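Asks: What follows is a single structure, and I will ask about it in a moment.
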Amino acid sequence: MAGELSYSITVNDADHAVAAPAAATLLEVLRADLALTGTKRGCDQGVCGACTVLADGKPVRACLMLAANCTGVDIVTVEGLGSGGALNDLQEAFVAEGAIQCGFCTPGMLLSVTALLDERPRATVAEIRAAISGNLCRCSGYTKIVEAVARLTGALR
Amino acid sequence: MSGEAGIVGTSVPRLDARHKAAGLARYSDDLTLPGMLFGAIAGSPHAHARIVAYDTSEARAVPGVIAVITGDDFGWHRGGGHIEDETLLAKGKVRYVGEPVAAVAATDRKTAERAARLVSIEYEELAAVLSIDDAMAPDAPIIHEDFESYHKKMPMRCAGNECWTASVAEGDVDGAWGECEVIVEGTFETQAQHHLYMEPAAALADVDMNGKVTMWSPSQGVHYSQHRTAQVLGLPMSKVRAVTPAVGGGFGGRAGPNVQPIAAALALACGRPVKIVLSRSADFETMRSRHPSRIRLKLGAKRDGTLVAIEGEMLFDGGAYADESPAVSSFALMMGRGPYRIPHVSIRGRAFYTNKLRAGSFRGFGNPQSAFARECLLDDLAAEIAMDPVELRLHNAMKPGERWLGGQPVASCGVIECIEKVRSRMASDRAADTAKPAPGKIRGIGFSAFAHISSFLSSGAMVQLVEDGTIAVNTGAMDMGQGADTILAQICAEALQVPMEAISYAVADSDTSPDNYKSVGSRTTYTTGRAVLAASNEVRDKIIEHASEMLECAAVDLELLPGGRVAVKGVPERSVPFAAVAGRSLYRTGGPITGTHTFLFDGPPFDPARARLEGIAFGNMGAYIFGAQAVEVEVDEATGAVTVTGAWVAADVGRAINPAAVEGQLQGGFVQGMGYALTEEMVWDSGRLANPTLMDYKIPGVLDSPHDIVAMIVEDPEPTGPFGAKGVGEPALVGVAPAVRNAIANATGARLAKLPLTPERVFGALRQR
C-alpha cells in the first residue's frame, strides 16, 4: 500500500513482519498490528507512562517511538514478562501486595520496575520511587506499588 | 456476625489481579469484532450557539466513510438523571465547547477523524454564561429555554439559569446566634477537578438483526448505561444491552454515559460494530468534571468550643447539562453539618447551568466542597477561641446512637476513635522523625474529620449452587478497580464457607444481572453486599433443607463445614458434600438451588418532625461512614510551594471485608484528594478548556506523594451491614483538602479559602501576613 513501510521488529524475543504507515508509533503497531494489547494508551502524549515498554532494556514511551525506528531493537512488553502462563516474581509481588486496582497503569509500572531491577536488584525505596516517577496511577496512591517492589528487593521486610 | 471461614477480614488477592498483571485484562479499546468500524466525534467550536444548518456532504464523500449522523437524525429524545435535558448529539443548540454535534463511522480511525473535521455546521453564536456570577445575572442569556418542560424526577421550579435549589434546616438558626459567644464566617471557593481515570472514555457497540444494540464500555452501571442509551435513542430497553469489560478507573466519571449512545447510534446506522475511543484531550473536554463551588458559611459556638449553629449558602456551577447537579447539591447540604452535634442548622444550595462542560459525579459528590468550607471554618473558630483544633472536634464529635442532619439515628459511628487514632499515630511518627526541615521551609500539621454515606437506592444479587458444588454469583455491580468483585465474592464464600476458588463471579451484563443502581456513592460493599449475603443465606437454607432429608436429620441440627459440606452438628462424619445436594436438586427433586435477594435501601428515613428538607434529591440514604485525616506539610516560604510530607487517615468502615482493599482506597483517595488540594484545576479561557492535557493539568505522581500514607482501619460494626461492613471509597478523598489548608495555616498563619492551594496563592497569602 502507498505510504507504508515494510520492516521487521523483535518483540518479546519473537520477530514480526510489519507493514504500516511511516508515522505509525510503536504503540499503534504493538496494539493493532501485533495484537499485543497489554501496552496501554493513556494519553498518547508521552506523559502518563501507561505505554512504557523496554527498548534494549531501557524504559521508553511506545507512544513517542516510531515503530519503523525499532528495527534491530529488543522490545519487551508486559506480555514478555511471565512465561508459560505463569507470572514472574515481580508480577506475583504486585498481586500479593494488593498493588493492582484498575490495572491500567500496571503494565507500564511493571516495565519501569523491570528496568530498575535489572540494574539494581536491591533497589532502595528512593530508587524505586524515582524509577516509577514517570508512571501515573490514579487508583492506588502509589503506596502498595512501592511496597510490593520494596519487599522484593529487601528494602522492606 | 463474624465470619468463621476466615475469608471476610482477610486480604485475599483480587480476582482479576493476575490477569491485569499479565497484561491480559481486556479493556474496551482492546476489543475488536469482525467488520468493526471506527467512530469519531465532531465537537462544537462554540460555548453557546444555535445550530442553523448542517452540511455533511464533504464528510460523506471521504472514501471509507460509512455513516455520518447529526442531531437531525434523531427525535427529541432527552435523557438524564434527575432532569432529562440531554440529547444524544446536540440538537437545536450547542451549550459547551466540544459538545458532540456529529459523529462519523469509517473503516479506520484516521479516516473517521478526518471526515469528522469535514462536517460543516452553520452556527449563530450566542452570548455565553461562563461562571456562577454570569449565570445569576438578571439579564443572563438562558441556556435551557425549555427547562420547564423537561421531565424531572422531582418537581422543581427554577428561575433563570438555576438548575436546582434545595435547603435543609433544623432547630432555629436565627434565634441561636444570640446564644453564641463567638461567630466566624468565611467564603470558600473550589475548582473543577477531572477524574483522570487512566483509561480514556471508549465504547464498542454492535447490532443484531433484531435491531438490538450491545455496548462494551467502561461504565459504573450496566443498567444505568442501558437506560440512558435507550432514552436518547428512543428505544425500549429490551433493544439495548450494556456490558463492562475491564474498566480502567471510574471515580464517578463513568457514572453517566460517556460515548456509549453515540457508538450505539453509529452501529445502528451502519449495521456493523463501531468503536469510539476518545483522545485524552477529548475526554477532558466532553465527559464531566467535579462541580466548582462557592460556599459561604457561618459558624457560631460557645467560648468552650461547643458548637451551636451553622448557616450558609452553597452555590454550584453545574455546566451545560444537569447530570448529577440535583443530587450533588443536595448531598453537599446533607453533609454540611459534618460528624458533629450542632443543634441549629440552615443551609441552602443552588446549582446553575453554565456554558461549560457538565459537572457530575466525582468521588465525594459535593462532600469535598462542603467539608472543605466547614473544616476550614472549624479551624478558624479554633484559632479564634485559642482551642486546639483536634480538641474542638472531639468536643463536638457525634457518638453512636446520635442523629445525622435530617434526623436519622446513626448506630455505627467511630469518628471519635478515628480522630484519636490519627492524632496519636501522627504524634508518635513525628516524634520518631528527627529530620529537620530544610532552610527556608516551615512545617505544619492540619486535621479534618468527615463523614459520608454508603447506601441508597437498590441492588440485587443472585447466587446459584452449581452441579459440582461450586457457586455462581451475579450482582450487576461493577468493579472499576476498587475491588468490588472480590469483596462480593468474599461475602458469598464466607456465608457458604467455601474457598474463593469455588466462587464463579459473573461479569455485569444488563441482560442477565439483577438491576444494581451503579457502583457509586461508596454503596457497593454495603448495598450489593447485603443482597449477596441474603441470597447466599437463601442458598444455604435450601442446601440444608435437602441435606436434612438426605441425612434424615432436622435442619436445626445441621451445620455447614468449610469446603462445601453439610454435617450433623458435632458429627462431622455424617455429612454430604454440596455436589451431592446439587445433584439431588437437579435430577431428583426440587430443581436448581438458587437464592435471590433484592431491596431498596431501608434504613431509618429522614424525620420531618426534626428537619425541614426541601429539594433534597434523595429519598433515603444511610449506612454512615466516618473518618479523620491529618497531614504534615512543608511550605517553601520563598515560592509558596507546598509538599505533603506525611499523611495519616483513619476510617470507620464497620468491618473491613478485605483490609488491603480498604487501605488501597484510603491511600488512592488521599493522593487524588491531594491533587484537588494543591495542583489540579480545569481552567477555562473564554469558554474553551485551556488545559485538556496531562502536561497542563497536573495530577500527583509518586514523587509528589508522601513516602507513607498511614491508613488505619476502625471497625464499629454496622448492624445491618454484611458482616458489619460499610463503604469507604469516597471518604478517602473528602478530608484531604481542608487538612492540607489547615496545615498550611498551622505552618505559616496564612488562612486560604480557595482551591487549589497553588504556590502562587500560598505565596500571595504569605506576603499578606
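The values are calculated or read from the model by the stated rules, or taken from the named source; none is laboratory data. Computed from a predicted structure; not experimentally measured. Note that each Cβ is placed from the backbone with ideal geometry, even for glycine, and that neighbours are counted across all protein chains shown.
Yes/no per residue for (1) in contact with an Asp or Glu (Cβ under 9 Å, 6 or more places away or on another chain); (2) without any contact (Cβ under 8 Å) to a residue 12 or more places away in the chain; (3) within 14 Å of chain A (Cβ to nearest Cβ):
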{"position": "B:M154", "(1), (2), (3)": "no, no, no"}
{"position": "B:G160", "(1), (2), (3)": "no, no, no"}
{"position": "B:A169", "(1), (2), (3)": "yes, no, no"}
{"position": "B:V173", "(1), (2), (3)": "yes, no, no"}
{"position": "B:G186", "(1), (2), (3)": "yes, no, no"}
{"position": "B:E189", "(1), (2), (3)": "no, no, no"}
{"position": "B:M209", "(1), (2), (3)": "no, yes, no"}
{"position": "B:T214", "(1), (2), (3)": "yes, no, no"}
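Asks: Of all residues being under 21 Å from B:P200 (Cα atoms) and surrounded by 23 or more Cβ atoms within 10 Å (Cβ to Cβ) in the range A:62-76, which is farthest from the other protein chains (Cβ to nearest Cβ)? Just the residue, please. If you could, list the steps in order and put the result at the bottom.
Replies: Here is the first cut: in the range A:62-76, the residues under 21 Å from B:P200 (Cα atoms) are A:62-65.
Of the ones still in play, those that are also surrounded by 23 or more Cβ atoms within 10 Å (Cβ to Cβ) are A:62-63.
On the way: A:A62: 13, A:C63: 11 Å.
Looking at residues that are under 21 Å from B:P200 (Cα atoms) and surrounded by 23 or more Cβ atoms within 10 Å (Cβ to Cβ), I get A:A62.
Asks: Mind listing whichever residues of the range B:82-102 are among the aliphatic types (A, V, I, L, M) and either at pLDDT below 95 or in a loop (DSSP other than H, G, I, E, B) (or both)? So that I can check it myself, show each step before the final result.
Replies: As a first pass, look at the range B:82-102 and keep what is among the aliphatic types (A, V, I, L, M): B:83, B:88-90, B:94, B:97, B:101-102.
Result: B:L88, B:L89, B:A90, B:V97.
Asks: Can I ask one more? Which of (1) within 30 Å of B:I347 (Cβ to Cβ); (2) surrounded by 24 or more Cβ atoms within 10 Å (Cβ to Cβ) is the odd one out, the single condition B:Q226 does not satisfy?
Replies: (1)
Asks: Would you say B:F251 is part of a helix (DSSP H, G or I) and either aromatic (F, W, Y) or within 14 Å of chain A (Cβ to nearest Cβ) (or both)? Lay out the reasoning, then the answer.
Replies: On the way: part of a helix (DSSP H, G or I): no; either aromatic (F, W, Y) or within 14 Å of chain A (Cβ to nearest Cβ) (or both): yes.
Answer is no for this residue.
Asks: Residue by residue through the range A:111-136, note down the ones that are more than 7 Å from chain B (Cβ to nearest Cβ) and under 28 Å from B:P218 (Cβ atoms).
Replies: Result: A:L111, A:S112, A:V113, A:T114, A:G134, A:N135.
Asks: On to the next question. Within the range A:130-157, work out how many residues are touching a Phe, Trp or Tyr at 6+ places or on another chain (Cβ under 8 Å) and on the phi < 0 side of the Ramachandran plot. Spell out the reasoning first.
Replies: Of the residues in the range A:130-157, the ones touching a Phe, Trp or Tyr at 6+ places or on another chain (Cβ under 8 Å) are A:132, A:138, A:141, A:145, A:148.
Retained after the next criterion (residues that are on the phi < 0 side of the Ramachandran plot): A:132, A:138, A:145, A:148.
Result for the range A:130-157: 4.
Asks: Pick from the range A:85-104 the residues that are aliphatic (A, V, I, L, M) and in a helix (DSSP H, G or I): which of them is nearest to the other protein chains (Cβ to nearest Cβ)? Break it down into steps so the answer makes sense when it comes.
Replies: Start the filter on the range A:85-104 by keeping residues that are aliphatic (A, V, I, L, M), which leaves A:86-87, A:90, A:93, A:95-96, A:99-100.
Among the residues that remain, those that are also in a helix (DSSP H, G or I) are: A:90, A:93, A:95-96.
Values: A:L90: 9, A:A93: 9, A:V95: 4, A:A96: 7 Å.
By that ranking, first place goes to A:V95.
Asks: Being touching a Pro at 6+ places or on another chain (Cβ under 9 Å), more than 17 Å from B:A106 (Cα to Cα) and not polar (S, T, N, Q) is the filter here, so list the residues in the range B:254-272 that pass it.
Replies: B:R254, the sole residue that qualifies.
Asks: Taking the range A:81-91 as the region of interest, how many residues are in contact with a Leu (Cβ under 9 Å, 6 or more places away or on another chain) and without any contact (Cβ under 8 Å) to a residue 40 or more places away in the chain?
Replies: Filtering the range A:81-91 for residues in contact with a Leu (Cβ under 9 Å, 6 or more places away or on another chain) gives A:81, A:87-91.
Among the residues that remain, those that are also without any contact (Cβ under 8 Å) to a residue 40 or more places away in the chain are: A:81, A:87-88, A:91.
Adding up the residues that qualify gives 4.
Asks: Cβ-Cβ under 8 Å, sequence separation 6+ or interchain: first residue in the range B:5-33 and in contact (Cβ under 8 Å) with a residue 60 or more places away in the chain, partner part of a helix (DSSP H, G or I) and acidic (D, E). Which pairs?
Replies: The qualifying pairs are B:A5/B:E494; B:I7/B:E494; B:V8/B:E494; B:R14/B:D485; B:L15/B:D485; B:D16/B:D485.
Asks: Scan the range A:37-55 and give yes if some residue there is facing chain B (nearest Cβ under 7 Å) and free of Cβ contacts under 8 Å to residues at least 12 places away in the same chain, otherwise no.
Replies: Yes, the range A:37-55 has at least one match.
Asks: Same structure again: Mind listing just one residue for me: the one in the range B:36-68 that is in a loop (DSSP other than H, G, I, E, B) and in contact with a helix residue (DSSP H, G or I) (Cβ under 9 Å, 6 or more places away or on another chain) and, of those, surrounded by the most Cβ atoms within 10 Å (Cβ to Cβ)? Write out each step before concluding.
Replies: Restricting attention to the range B:36-68, the residues satisfying the condition of being in a loop (DSSP other than H, G, I, E, B) are B:36, B:44-48, B:56, B:61-64.
Now restrict to residues that are in contact with a helix residue (DSSP H, G or I) (Cβ under 9 Å, 6 or more places away or on another chain): B:56, B:61-64.
Values: B:T56: 22, B:A61: 10, B:V62: 16, B:P63: 8, B:G64: 16.
By that ranking, first place goes to B:T56.
Asks: Which condition does B:H707 not pass, out of (1) within 14 Å of another protein chain (Cβ to nearest Cβ); (2) under 23 Å from the mean Cα position of the chain (by Cα); (3) surrounded by fewer than 21 Cβ atoms within 10 Å (Cβ to Cβ), if it passes all the others?
Replies: If we test B:H707 against (1) within 14 Å of another protein chain (Cβ to nearest Cβ); (2) under 23 Å from the mean Cα position of the chain (by Cα); (3) surrounded by fewer than 21 Cβ atoms within 10 Å (Cβ to Cβ), just (2) comes out false.
Asks: Within the range B:461-503, take every residue that is over 17 Å from B:T244 (Cβ atoms) and small (G, A, S) and give me the one that is farthest from the other protein chains (Cβ to nearest Cβ).
Replies: Restricting attention to the range B:461-503, the residues satisfying the condition of being over 17 Å from B:T244 (Cβ atoms) are B:462-472, B:490-503.
Those left that are additionally small (G, A, S): B:469, B:472, B:493, B:495, B:502.
On the way: B:G469: 26, B:A472: 24, B:A493: 18, B:A495: 23, B:A502: 20 Å.
Across the range B:461-503, the extreme among qualifying residues is B:G469.
Asks: Does B:S225 fit the bill of being within 25 Å of the chain's Cα centre (by Cα) and assigned to a helix (DSSP H, G or I)?
Replies: On the way: within 25 Å of the chain's Cα centre (by Cα): yes; assigned to a helix (DSSP H, G or I): yes.
So B:S225 passes the test.
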